[in-house]
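The values are calculated or read from the model by the stated rules, or taken from the named source; none is laboratory data. Just so we're clear, the structure is a prediction, and the values are computed from it rather than from any experiment. Cβ placement follows ideal geometry from the backbone for every residue including glycine, while neighbour counts extend to all protein chains displayed. The accessibility values were calculated without ligands, DNA or RNA, using every heavy atom of the protein model including side chains. Shrake-Rupley method; radii C 1.70, N 1.55, O 1.52, S 1.80 Å.
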Amino acid sequence: MGGWRDMSAEALEDQYSPSRWSPRLDRDTIIDAHLAVTAAGTERARASAQTSLHVPYGKGDGEKLDIYFPTDHSGTFPVLVYIHGGYWQCLSKDESGFAAPPLVSQGVAVVAVGYDTAPRGHMDTMVLQVRRSLAFLVEQYPEIRGIYLCGHSAGAHLAAMVLFTDWTEFHVVPDIKGAVLVSGVYDLEPILHTYVNDALNMSREVAQRNSPMRHVAPAVPAACEVLVVVAQHDSPEFRRQSQEYSQALRAAGWSVSLLDLAGVDHFDVIEKLSENSYILTQVILNMISRA
Ligand SMILES: N[C@@H](CC(=O)c1ccccc1NC=O)C(=O)O
């Protein structure tokens, strides 16, 4: 599936360390900066929007979500479900509400989903939790009119896994109208050979079972619109993964666009969703208003 098998261990480690590719900040400060920016943005969102925080969608401690309601929510409203990144082992819903302000002001609810990160959570568990969070939303909030998924990095992977869910066992079918997959990983196999798997402890079978690239299903007539987003300063491997996944979806009949955003890296590509004037914020609002 690609040249990563010919890479040295060091080269592969480099490719799967997003912090090493930004021209903006050095590798030792960029992750702390990302945490600080997303936490401050989330604090601002919580102060300005009407919210329901820490809503349990399951029995587990980690199975909670935060809802940021639209400013005017007297009727039905679309919802953007945000799935955070952090290589399935860091970050949480508590710094994942930063995208809410420009959306809630336009009538869109934002839900930040929590899930059990590794080592507590297993890859299969995280995928199941995110799927269950959607079923919960549909059952509990009949005022939701259409769901848009948005995931960053590891969260884009989880969002892509949600796209090919067999909903029969959940007894509801969420009306997913669109998915925005930002700087994601869609083939987990290369990761098996890097430090990322130290906490995840995935076997080859687990990595394959949870690789969206291996489960691209033919689009059904009601298949949602998919926007695959990649940053100019993502690593070549991250960029390859987005290109190949979007091509595979297109070949299977999905309506998919690849948006290659100039001037941003793996971290500010998503941080800037707190800004109304950011192109991706506008693209998302446009996707929602067209449906
Ligand atoms: N150790 C990684 C950290 C990382 O990839 C990351 C950190 C915060 C938010 C998202 C990330 N990437 C994917 O989920 C790095 O070198 O950048």
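Of note:
- Prolate/oblate/rounded call for region 3-290, Cα gyration tensor, a/c under 1.5 rounded: rounded
- Radius 12 Å from Cβ of L192, net charge of other residues (Lys, Arg +1; Asp, Glu -1): -2
- The helix-only estimate of mean residue ellipticity at 222 nm for the chain, built from DSSP H runs of length n ≥ 4 each weighted as -39500 (n - 2.57), is -10500 deg cm²/dmol after division by the residue total.
- Net +/- balance of residues flanking Q282 in space, Cβ distance below 13 Å, scoring K and R +1, D and E -1: +1
- Label point distance in nm, Q247-V220, each placed 7 Å from Cα along Cα→Cβ: 2.8
- Cα gyration tensor, region 1-62 - rounded (a/c under 1.5), prolate or oblate: oblate
- Taking a ≥ b ≥ c as the square roots of the eigenvalues of the Cα gyration tensor, region 2-151 is prolate, since a/c reaches 1.5 or more and a/b is larger than b/c.
- When peptides 252-260, 35-43 are ranked by their average number of other Cβ atoms within 10 Å per residue, the highest-first order is 35-43, 252-260.
- Label-to-label distance for I279 and E43 is 3.1 nm, based on points extended 7 Å past Cα in the beta-carbon direction.
- Carbon plus sulfur fraction of accessible area for the chain, probe 1.4 Å, in percent: 50
- Cβ charges +1 (Lys, Arg) and -1 (Asp, Glu), total dipole of region 3-290, debye: 600
- Simple spin-label estimate for R5 and R145 in nanometres, 7 Å along Cα-Cβ: 5.0
- Which of A222, F98, S52, positive extreme of dipole for region 3-290 (C-beta unit charges): A222
- FRET efficiency, R209 to D72 (Cβ-Cβ, R0 25 Å, nearest 0.05): 0.05
- Summed residue charge, Cβ within 14 Å of T42's Cβ, Lys/Arg positive, Asp/Glu negative: -2
- Region 192-261-region 66-109 distance, computed between alpha-carbon centres (Å): 23
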